[in-house]
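Engineer: This is the structure I have questions about; it appears just below.
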Amino acid sequence: GLDYNLKVGNTFYVSVNGNDTNSGDSAFAPFATIKRALAAADASIQGPVSVHVYAGEYQEDLPLTVPTNVSVVGEDMRNTIITPDTNTQSSDVFLLNGESTVQNLTIKNFYAPGHAFKFAPNTVVSTRSPYIQNVTVITQGTTTSASDPRGFASGDAGGGAYIDGASVNSASQEASMLFHSVTFITPGVDAVTMTNGVRVEWLNSFTYFANRGL
């Protein structure tokens, strides 16, 4: 009596065993990339949408733009891992719009001038700021050695977040971003940069090995 065609609704799925030609709207027919799922979510007009990313490592074509009212939710922080593909290793990872969320995943192995999180250009924040929770960002410089295993001296590791109020449309309620239980490991570069009148809530979050934490 189980109906496999009955969809959950407002949810897309991503799996390392998926295929971007699938419908993506069922756990039995997941997409292979987060990029494809975000494109499908942006086309949805059925209200808030979730992109559920199963455990695994995903090489993505960066950046990943998260539309308004869309949440990207990993299976768990330790086992859902996002890395860049070979053509976008120095790109930003997530570009966030208002009312967007990123949760429960790890971002690794990208380089400057890329950052893990930025506002999408001309984003509008209407009811709540972008929300990042239970995320770890781990980068390193391109040149490492026994005495500098994370490449601190290279100064070209990927950054944590660049939060620029100039990227937020003036119609927004405010230019803000919230971090909850987020760790940035960004050797030799600034972890979080705040500029042009932004507001940041920094809850139970940490930076390690950065040139400057905040």
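Engineer: Is there any pair linking a residue in region 62-89 that is within 17 Å of THR183 (Cα to Cα) to one that is open to solvent by 50 Å² or more (accessible area, probe 1.4 Å) and charged (D, E, K, R), with Cβ under 7 Å and at least six apart or on different chains, and which?
Structural biologist: Within 7 Å, the pairs are ILE81/GLU57; ILE81/LYS108; THR83/GLU57; THR83/LYS108.
Engineer: Filter the strands (runs of 3 or more DSSP E) completely within region 1-74 down to those with at least 3 residues that are open to solvent by less than 30 Å² (accessible area, probe 1.4 Å).
Structural biologist: On the way: elements: 11-14, 49-53, 56-60, 64-66, 70-74.
Here the list reads 11-14, 49-53, 56-60, 70-74.
Engineer: Does region 109-133 hold any residues that are out of contact with any Phe, Trp or Tyr (no Cβ under 9 Å at 6 or more places or on another chain), surrounded by 22 or more Cβ atoms within 10 Å (Cβ to Cβ) and hydrophobic (A, V, I, L, M, F, W, C), and which are they?
Structural biologist: The one that is out of contact with any Phe, Trp or Tyr (no Cβ under 9 Å at 6 or more places or on another chain), surrounded by 22 or more Cβ atoms within 10 Å (Cβ to Cβ) and hydrophobic (A, V, I, L, M, F, W, C): PHE110.
Engineer: What number of residues within region 144-171 are within 23 Å of the chain's Cα centre (by Cα), of a type in the set (Ser, Thr, Tyr) and assigned to a helix (DSSP H, G or I)?
Structural biologist: Residues meeting the conditions: 1.
Engineer: Still on this model: For region 91-101, enumerate the residues that are part of a loop (DSSP other than H, G, I, E, B), more than 14 Å from GLY158 (Cβ to Cβ) and open to solvent by less than 20 Å² (accessible area, probe 1.4 Å). Before the answer, list the steps.
Structural biologist: Just the residues of region 91-101 that are part of a loop (DSSP other than H, G, I, E, B), to begin with: 91-93, 97-100.
Now drop any that are not more than 14 Å from GLY158 (Cβ to Cβ), which leaves 97-100.
GLY98, GLU99, SER100, listed by residue number.
Engineer: Please go through region 172-214 and pick out each residue that is part of a loop (DSSP other than H, G, I, E, B), small (Gly, Ala, Ser) and open to solvent by less than 30 Å² (accessible area, probe 1.4 Å).
Structural biologist: Within region 172-214, SER172, ALA175, GLY188, ALA191, SER205, ALA210, GLY213 qualify.
Engineer: Quick test for you: out of THR83, THR106, THR136, THR88, pick the one residue that is modelled with pLDDT of 95 or more, part of a loop (DSSP other than H, G, I, E, B) and open to solvent by less than 40 Å² (accessible area, probe 1.4 Å). Can you show your working first?
Structural biologist: Details: THR83 fails: part of a loop (DSSP other than H, G, I, E, B); THR106 fails: part of a loop (DSSP other than H, G, I, E, B); THR136 fails: part of a loop (DSSP other than H, G, I, E, B).
Checking each option against the conditions leaves just THR88.
The values are calculated or read from the model by the stated rules, or taken from the named source; none is laboratory data. From a predicted model like this one, the values you see are computed outputs, not experimental measurements. Because the Cβ atoms are built from the backbone with ideal geometry, glycine has one as well, and the counts that use them run over all protein chains shown. Remember, those area values only see protein heavy atoms, side chains included, never the ligands or the DNA or RNA. Shrake-Rupley method; radii C 1.70, N 1.55, O 1.52, S 1.80 Å.
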